[in-house]
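Worksheet: the structure to be examined is printed underneath.
The values are calculated or read from the model by the stated rules, or taken from the named source; none is laboratory data. Being a predicted model, the structure only gives us computed values, none of them experimental. Ideal geometry is used to build each Cβ from the backbone, glycine not excepted, and the neighbour counts take in all protein chains shown.
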Amino acid sequence: MAVRRSGGRTDDDMKRMAFLLVAFFVFSSLSLSTASAQVPVRMRLIQASNVGQNIDPSLNDVHKELGSLFNFTSYRLLREENLRLSQNQPVTITAHPGRFMEVTLVGLKRDAAKLKIRVIREGKDILDTQVRLSPGRTVLIGGPRHGEGVVIYALSTPF
């Protein structure tokens, strides 16, 4: 037999409302933490060419990958950026005068971040792609011509 309280509510009604409130707050906090999650991304711009045979010492961690994917004899770090990406919030970097790179976190799962990469030169997209970035891995993207070679974008994350 349900006991009626003032206002016509029973103990069972009160328990249901309490459960729903707790469930609502738990779900809300999980949604907010996912929505406000930031992903750290290390982005390196590398010039690759066949002029000389120099390997920038700061690229030792990716030298083997570079050599297996690209056919160049020289790799030089042009720039390094440490980004903090939030869901659907593009971060724009000046890659070169008149050339910009836009990196956007478009998806996040426990084991990978999905990034949209755009390179814009003189107002036009010259590269528009998406990559899946896993913790401890580096994604290499061959980019546009630069000087006597090309630019390669190296993205990694420790998350």
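Yes or no: Val51 in contact (Cβ under 8 Å) with a residue 60 or more places away in the chain and assigned by TED's automatic domain parsing to the domain that holds Val139? Spell out the reasoning first.
Values: in contact (Cβ under 8 Å) with a residue 60 or more places away in the chain: yes; assigned by TED's automatic domain parsing to the domain that holds Val139: yes.
Spelling it out, Val51 is indeed in contact (Cβ under 8 Å) with a residue 60 or more places away in the chain and assigned by TED's automatic domain parsing to the domain that holds Val139.
Does segment 84-105 contain at least one residue that is of a type outside the set (S, T, N, Q) and over 19 Å from Leu127 (Cβ atoms)?
Yes, segment 84-105 contains a residue that is of a type outside the set (S, T, N, Q) and over 19 Å from Leu127 (Cβ atoms).
Name every residue in segment 136-149 that is within 17 Å of the chain's Cα centre (by Cα) and either assigned to a strand (DSSP E or B) or surrounded by 17 or more Cβ atoms within 10 Å (Cβ to Cβ) (or both), in order of residue number. Spell out how you get there, then give the answer.
Step one: of segment 136-149, the residues within 17 Å of the chain's Cα centre (by Cα) are 136-141.
Selection gives Thr138, Val139, Leu140, Ile141.
With (1) out of contact with any strand residue (DSSP E or B) (no Cβ under 8 Å at 6 or more places or on another chain); (2) modelled with pLDDT of 70 or more as the list, and Leu20 as the residue in question, which single condition is left unmet?
Evaluating Leu20 over (1) out of contact with any strand residue (DSSP E or B) (no Cβ under 8 Å at 6 or more places or on another chain); (2) modelled with pLDDT of 70 or more leaves (2) as the failure.
Is it fair to say Leu108 is at pLDDT below 95, farther than 24 Å from Val150 by Cα, in the same structural domain as Ile141 (by TED's automatic domain parsing) and of a type in the set (A, V, I, L, M, F, W, C)? Outline the logic, then answer.
Numbers: at pLDDT below 95: yes; farther than 24 Å from Val150 by Cα: yes; in the same structural domain as Ile141 (by TED's automatic domain parsing): yes; of a type in the set (A, V, I, L, M, F, W, C): yes.
So Leu108 passes the test.
Before we move on, is Gly52 touching a Phe, Trp or Tyr at 6+ places or on another chain (Cβ under 9 Å) and not in a strand (DSSP E or B)?
Here the answer is no, as Gly52 does not meet what is asked.
What residue, among those in segment 111-135 that are outside any strand (DSSP E or B) and more than 13 Å from the chain's Cα centre (by Cα), is nearest to Ile46 (Cα to Cα)? Full working, then the answer.
Initial filter on segment 111-135 (outside any strand (DSSP E or B)): 111, 122-123, 134-135.
Those still in the list that are more than 13 Å from the chain's Cα centre (by Cα) too: 122-123.
Numbers: Glu122: 21, Gly123: 22 Å.
My answer is Glu122.
Give me a count of the residues in segment 71-87 that are at pLDDT 95 or above and not in a strand (DSSP E or B).
Residues that pass the stated criteria total 2.
I'd like the full set of residues that are crowded, with 18+ Cβ neighbours inside 10 Å, more than 20 Å from Ser134 (Cβ to Cβ) and β-branched (Val, Ile, Thr), limited to segment 84-122.
Within segment 84-122, just Val119 meets the criteria.
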